[in-house]
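These notes concern the structure reproduced below.
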DNA sequence: CACGCTTATATTTTT
DNA sequence: TATAAGCGTG
């Protein structure tokens, strides 16, 4: 059936029988194929799809794998396999079985931004906002909290190691975090970390543990190197009981890049000890890249002091040598990438088979401008801010109070929408509506708002009335579906947006996008949780079908490129301070993770790899500071590594190739001189 | 107390 | 660059 397409190791992994299985799969060794084949094998062997659990890093990965497994096995119901991220599966399980833990099944989910907003409320209430000393900002509080939970370490240890500048405020943080938990419980909301914590509690509980684990005959986990301690505990609890310990994990310690989420390679390294009797299969044959690309990639990872017990090899025929290009500055880098992209397209590689990868979402800014100028279509993955835009949050907050009337942050936002309503009045009104009452108590704050009299300042009265009728409109019978509700909310929000924000037309258009997104959903609750657990990851996912028949270049953060591959890969900003990021050079572990990041980026390439770095960065002048700084090539590209590249640079640019306007004007020469002597 | 304006500041990666 | 805090006005 599928045996023909697999090599011996892949076949061994795919057809493994009972017991724990660790597949150590190097980059490009056919990991997805193998995992899909294993699912297909199990399906063909009679395992019922709904008794299999496939945990992946993104919904997209799960979908892709299950489609392939369905095709391979010919099983008509392969899509009934439980597939998705840890968080999405937790959400599903907890709505089914959470009651046993004291959870109401209609909880709403806070994303990290919402969590930060709750912390901000608490910071205000507890008086940390007065600026006698600098207190950590809300997003820092949310990161510290999350990292502590996911690592399963004590707060003081986490702060000391990863947030040393916050050590003075440890006590304040502790008190905020304690209240934070109370608030979440009272408001019937769970954050991302709660989803995992309660899943763990579910499997640890004597009442629910065994039945939940017994739901599945096989559990399979992709990208295991990027799971954390909490997730490993969950898997231990989910391990199907009895003699059959059918847990399969796939991963590559050389590609571990989620340390900031408390992921630990110890999970993969210690798998055999934690799950005794484990079979280990190594996949070392690379099917993806040319030998030249592999040589360069291996050279990068070989310098890692940590042990990666694989050596990738390929039998692909020789191709081009990867290029490393020193550019004068960011402008020349953008220009150089555009040229290379177009050249490859001329030679028959469509834009879609090319990607530009970078460390941080904003690194592509200048390139995006240049691509637009040249009419080169592109989509960008990672760092998408759609759900973070204020007006989108406004609409979602309205849906959230409808769904869960005890959701405090959502109310706080909604009640400030009418003109004349600010934070103080909103808080007072929330008290009047008893938003902080116990979730499930009647009458609910929504009923209080809609049916009972309350007082607001005169100048806000009209606005609040309109808000009230918009919310009431959404609760009326005919509009029960989320898309219809959003349509009603749009009518209310249009003037609100026009009053509060600039570019109102574009913002209202975003609400239409949101409504389009909502069209596939029957219930508001489902729509909201899917949106927070699987947010649109690219501009194209939002733009929808019109783009689909076109060709476009892919722009992506390296993190979002995990598991993907292209014919041609361009890695930009390979300068020290970018890769590794200046933010991540605190300790050796962080630096090593940055090295793996570069490795991941390079190993995405099938046929051609181009790395560029600008020698000079222009910075916003702060006061009288020098407006530009000189950069070094990434420390990971040592001389030995560089010898595997074909080096290019401004020094070897042929004159007829010199990009017009980007190099060598009198101004550039003078700027250089003033740098030297100024 | 809301709101609009000015000024300081820190800045990664994602479920 | 974008956001948050600070300040003055109505």
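Throughout, read-outs are computed from the coordinates displayed, never taken from laboratory work. These figures come from a predicted structure and were not determined experimentally. Using ideal geometry, Cβ is built from the backbone for each residue, glycine included, and neighbour counts are taken over all protein chains shown.
With only alpha-carbon pairs counted, each pair once and no self-pairs, how large is the Kirkwood hydrodynamic radius of the range A:1-109 in angstroms?
Values: mean 1/r = 0.0664 Å⁻¹.
Answer for the range A:1-109: a Kirkwood hydrodynamic radius of 15.1 Å.
Given R₀ = 45 Å, what would the calculated FRET efficiency be for residue A:646 paired with residue A:523, taking r from the Cβ atoms and rounding to 0.05?
Details: r = 56 Å, r/R0 = 1.25.
The formula returns an efficiency of 0.20 here.
Calculated FRET efficiency, residue A:461 and residue A:502, Cβ-Cβ r, R0 30 Å, to nearest 0.05? Working shown, then result.
Values: r = 27 Å, r/R0 = 0.89.
Once rounded, the FRET efficiency stands at 0.65.
Taking only the alpha-carbon positions of the range A:49-172 and ignoring solvent, what does the Debye formula give for the base-10 log of I(q)/I(0) at q = 0.12, 0.14, 0.16, 0.20 Å⁻¹?
Those come out to -0.68, -0.81, -0.92, -1.12, one per q.
Given points 7 Å out from each Cα along the Cα-Cβ axis, report the residue A:428 to residue A:99 separation in nanometres with one decimal.
Going from the residue A:428 label point to the residue A:99 one covers 4.2 nm.
Provide the descending list of Cα extents for the range A:246-296 along its principal axes, expressed in whole angstroms.
Computed over the range A:246-296, the largest-to-smallest principal extents equal 38, 29, 14 Å.
Suppose the chain between residue A:343 and residue A:628 were pulled fully straight at 0.36 nm per residue; how much longer would it get relative to their current alpha carbon spacing? The partial results should precede the final answer.
Numbers: separation 285, 0.36 × 285 = 102.60 nm, distance 3.08 nm.
Additional length available on full extension: 99.5 nm.
Express in whole angstrom the spacing between the alpha-carbon centres of the range A:243-287 and the range A:39-73.
About 19 Å separates the Cα centre of the range A:243-287 from the one of the range A:39-73.
Assuming R0 = 60 Å, can you tell me the calculated FRET efficiency for the pair residue A:369 and residue A:441, based on Cβ-Cβ distance, to the nearest 0.05?
0.65
Rg/Rh for the range A:415-484 to two decimals, with Rh computed the Kirkwood way over all alpha-carbon pairs.
Values: Rg = 12.8 Å, Rh = 13.0 Å.
So for the range A:415-484, dividing Rg by the Kirkwood Rh gives 0.99.
Computed from the mean reciprocal separation of all distinct C-alpha pairs, what Kirkwood hydrodynamic radius does the range A:238-395 have, in Å? Working shown, then result.
Values: mean 1/r = 0.0495 Å⁻¹.
Computed over the range A:238-395, the radius equals 20.2 Å.
Roughly what % of Cα-Cα distances in the range A:172-211 sit above 12 Å, to the whole percent?
Values: 512 of 780 pairs.
Value for the range A:172-211: 66 percent of Cα pairs lie more than 12 Å apart.
Want the number for residue A:153 to residue A:67: 0.36 nm per residue separation, take away the alpha-carbon distance, what's left?
Working: separation 86, 0.36 × 86 = 30.96 nm, distance 3.85 nm.
Contour length minus the Cα-Cα distance gives 27.1 nm.
Any idea what log10 I(q)/I(0) is at q = 0.11, 0.14, 0.20 Å⁻¹ for the range A:133-275, Debye with uniform C-alpha scatterers and no solvent?
Per q value, in the given order, log10 I(q)/I(0) is -0.50, -0.77, -1.22.
Viscosity 1.306 mPa s, temperature 10 °C: what is the translational diffusion coefficient of the range A:459-527 from Stokes-Einstein with a Kirkwood Rh over Cα pairs, rounded to a whole number of µm²/s? Could you put the intermediate results ahead of the total?
Working: Rh = 12.7 Å.
The diffusion coefficient I find is 125 µm²/s.
Once you place label points 7 Å from the Cα toward the Cβ at residue A:450 and residue A:5, how far apart are they in nm?
For the pair residue A:450/residue A:5, the computed spacing is 5.2 nm.
Rg to Rh for the range A:109-194: what is it, with Cα atoms only and Rh by Kirkwood?
Values: Rg = 12.1 Å, Rh = 12.9 Å.
Result: Rg/Rh = 0.94.
Let me know the Rg and Dmax you get for the range A:353-491 when you use only its Cα atoms, in Å.
Here Rg and the maximum Cα pair distance are 20.1, 61 Å.
Hey, any idea what the orientation-averaged projected area of the convex hull of the range A:221-323's Cα atoms comes to, in nm²? Present the calculation step by step, with values, prior to reporting the outcome.
Working: hull surface 31.9 nm².
That works out to 8.0 nm².
Would chain A count as rounded, prolate or oblate if I go by the C-alpha gyration tensor, calling it rounded below 1.5 in a/c and otherwise prolate when a/b exceeds b/c, oblate otherwise? It would help to have the intermediate numbers written out before the result.
Working: a/c = 1.70, a/b = 1.20, b/c = 1.42.
Oblate is the answer for chain A, as a/c is 1.5 or above yet b/c matches or exceeds a/b.
Stokes-Einstein at 10 °C, 1.306 mPa s, Kirkwood radius from Cα pairs: D for the range A:360-433 in µm² s⁻¹? Mind showing how you got there, number by number?
Details: Rh = 15.1 Å.
In µm²/s, the coefficient is 105.
Kirkwood Rh and Cα-based Rg: tell me the resulting Rg over Rh for the range A:419-561, rounded to two decimals.
Values: Rg = 18.8 Å, Rh = 18.0 Å.
Reported Rg/Rh, Kirkwood definition of Rh: 1.04.
Which residues does the label zone of residue A:161 cover in the range A:574-599, counting backbone N under 11 Å from a point 7 Å along Cα→Cβ?
The answer is A:589-590.
Can you tell me the length gained on complete extension of the stretch residue A:214 to residue A:303, counting 0.36 nm per residue apart and subtracting the Cα distance?
Details: separation 89, 0.36 × 89 = 32.04 nm, distance 4.44 nm.
Extra length from residue A:214 to residue A:303 when fully extended: 27.6 nm.
Taking the range A:1-55 as the region of interest, what is the percent of Cα-Cα pairs per 10 angstrom bin, listed from the shortest bin to the one with the maximum distance?
In order of increasing distance, the bins hold 23, 58, 19, 0 percent.
So, in nm, how far is label residue A:494 from label residue A:284 when the simple model puts each one 7 Å beyond its Cα toward the Cβ?
Roughly 6.6 nm, to one decimal.
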